[in-house]
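Notes follow once the structure below has been shown.
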Amino acid sequence: MRILGIDPGYATIGFGLIEGERAQYRMVTYGAITTPAGLPLSKRLYQIDRDMEELIGQLKPCLLYTSD
């Protein structure tokens, strides 16, 4: 199973991908998506959306949903 954790924000969005099977997990990759200072919020959100779509396409995490 591949799990993508996301630390939300609008200037810097952190992420980490772990892979696990039978209670054994390992870090695959981590990083951040950043948006330029001074960019209007609507353009930041648009850039975050594009970058997240690309990241999810590359990393291919399992799709899990929570009701939190």
How many residues, within segment 8-35, are closer than 15 Å to PRO61 by Cβ and open to solvent by 80 Å² or more (accessible area, probe 1.4 Å)? 5
Would you confirm whether any residue within segment 4-16 is hydroxyl-bearing (Ser, Thr, Tyr) and assigned to a strand (DSSP E or B)? yes
If GLY38 passes every condition in (1) assigned to a loop (DSSP other than H, G, I, E, B); (2) surrounded by 11 or more Cβ atoms within 10 Å (Cβ to Cβ) but one, which one does it miss? (2)
Selection count, segment 51-68, where residues are assigned to a loop (DSSP other than H, G, I, E, B) and small (Gly, Ala, Ser): 1
Meets criteria (surrounded by 13 or more Cβ atoms within 10 Å (Cβ to Cβ), in a strand (DSSP E or B) and in contact with a strand residue (DSSP E or B) (Cβ under 7 Å, 6 or more places away or on another chain)) for ILE48: no
Criterion (among the small types (Gly, Ala, Ser) and modelled with pLDDT of 95 or more) met by exactly one of GLY20, GLY14, GLY5: GLY14
Over 14 Å from the mean Cα position of the chain (by Cα), of a type outside the set (D, E, K, R) and in a helix (DSSP H, G or I): is that true of TYR25 in this structure? no
Taking first residues from segment 1-19 that are farther than 14 Å from LEU41 by Cβ and in contact (Cβ under 8 Å) with a residue 60 or more places away in the chain and second residues anywhere that are open to solvent by 50 Å² or more (accessible area, probe 1.4 Å) and not in a strand (DSSP E or B), the pairs with Cβ under 9 Å that are 6 or more apart or on different chains are MET1/CYS62; MET1/LEU64; ARG2/LYS60; ARG2/CYS62; ILE3/CYS62; ILE3/LEU64
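The values are calculated or read from the model by the stated rules, or taken from the named source; none is laboratory data. A quick note: this is a predicted structure, and the numbers were derived from the prediction, not measured. We place every Cβ from the backbone using ideal geometry, glycine too, and count neighbours over all the protein chains shown. Side chains are part of the model used for accessible areas, which takes the heavy atoms of the whole protein and leaves out ligands, DNA and RNA. Shrake-Rupley method; radii C 1.70, N 1.55, O 1.52, S 1.80 Å.
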